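Undergrad: Below: one structure in structure tokens.
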Amino acid sequence: MTNLLALLVLGFVLGIRHATDPDHVIAVTTIVARSKTPVAATAIGAAWGVGHTLTILIVGGGIILFGWVIPPRLGLSMEFSVGLMLIALGIASLTVEARRIMLTQSMGDGGHRHEHPHAHGDYVHSHVHTHDPEAHPHRVEQTPLGWMDRGLGGIGAYRHLRPLIVGVVHGLAGSAAIALLVLSTIRKPGWALAYLVVFGVGTIVGMMLMTAVIVLPFIRANRRSVALTSGLRIASGVISVAFGLFVAYRIGIVDGLFSTLAHWTPQ
């Protein structure tokens with residue numbers, strides 16, 4: 001019993017540390033950059049952690065219980081998807097910020113320009129606008145987030161769908177390595193599965209703490225100036241794209257995903 005307890009504590013601690021991996025932090029930073037409070041950012045971190053844990057349990061459980069073997073090319077493809085996802089998140093963040101900057105420039109420098117959540121009927125969103133005089137960059141029916149956000153933005157599950165999917169993709173990339181590591185040290189399937197569960201809980205807790213910390217500079221910047229907040233969001237988008245390109249190059253070229261000889265070591 002003492003050994004099992006020690007393994008579970010170790011799994012929880014390693015789960016928290018796993019949440020701090022660079023690709024995880026970069027991915028969630030692009031998402032929490034527009035959060036207004038630590039609580040909202042923590043909810044995003046929890047959604048990411050749940051998605052990551054579900055994938056770890058499904059794929060890792062299959063490896064532990066049924067002896068699933070992941071071919072090298074499939075394993076590389078799962079890791080390559082992380083690079084593509086980071087690129088997509090970065091481009092999406094940069095696109096939104098570029099649109100916001102263009103809207104701001106079209107409004108000129110008059111009035112008191114600022115950004116805060118406001119409503120158009122039942123639809124609540126935020127972007128830069130001015131008062132004294134009132135200057136709004138779009139009509140009521142032309143919100144910049146599009147028809148999908150207008151229709152679904154009020155549903156809590158929709159707001160957390162993106163970090164959940166991001167967590168699932170990260171889980172796919174790391175599940176084989178985690179399961180194989182567990183198998184090499186824990187021979188009993190029941191204990192191994194218990195370890196995965198506790199590891200997943202630790203990852204959820206770790207990412208919740210991480211996102212709560214990450215969002216603080218964005219909140220402080222937003223209180224000081226819109227330009228500073230914009231700069232931080234652009235920086236997070238550029239870093240996400242750059243790191244995604246690095247991951248894609250390493251998996252696709254160095255590790256041979258796009259060559260006839262693919263070599264993959266789960267890590």
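The values are calculated or read from the model by the stated rules, or taken from the named source; none is laboratory data. Note that the coordinates shown come from a computational prediction; the quantities given were computed from them, not determined experimentally. Here Cβ is always computed from backbone atoms with ideal geometry, including for glycine, and neighbour counts include all displayed protein chains. What goes into the accessible areas is simple: the full protein's heavy atoms, side chains included, and nothing from ligands, DNA or RNA. Shrake-Rupley method; radii C 1.70, N 1.55, O 1.52, S 1.80 Å.
Undergrad: Within the stretch 187-234, which residues are out of contact with any helix residue (DSSP H, G or I) (no Cβ under 8 Å at 6 or more places or on another chain) and under 20 Å from G45 (Cβ atoms)?
TA: V213, R220
Undergrad: Restricting the first residue to the stretch 95-109 and requiring it to be over 21 Å from S236 (Cβ atoms), which pairs with a second residue that is at pLDDT below 70 meet a Cβ separation below 8 Å and a spacing of at least six or different chains?
TA: Qualifying pairs under 8 Å: S106/P137; M107/R113; M107/V128; M107/H129; M107/T130; M107/A135; M107/P137; G108/A135.
Undergrad: If I filter the stretch 192-233 down to residues being at pLDDT below 90 and of a type in the set (A, V, I, L, M, F, W, C), which single residue comes out as least open to solvent (accessible area, probe 1.4 Å)?
TA: This residue is A221.
Undergrad: Among the residues of the stretch 234-264, which ones are surrounded by fewer than 19 Cβ atoms within 10 Å (Cβ to Cβ) and more than 24 Å from the chain's Cα centre (by Cα)?
TA: Within the stretch 234-264, I253, V254, G256, F258, S259, T260, L261, A262, H263 qualify.
Undergrad: So, one more: Name the residues in the stretch 158-191 that are among the aliphatic types (A, V, I, L, M), open to solvent by 50 Å² or more (accessible area, probe 1.4 Å) and under 17 Å from W68 (Cα atoms), would you?
TA: Correct list: L172, L180, L181, L183.
Here is a yes/no grid of residues against (1) part of a helix (DSSP H, G or I); (2) in contact with a Gly (Cβ under 7 Å, 6 or more places away or on another chain); (3) among the β-branched types (V, I, T):
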position: L228; (1), (2), (3): yes, no, no
position: L232; (1), (2), (3): yes, no, no
position: S236; (1), (2), (3): yes, no, no
position: A242; (1), (2), (3): yes, no, no
position: Y249; (1), (2), (3): yes, no, no
position: S259; (1), (2), (3): no, no, no
position: A262; (1), (2), (3): no, yes, no
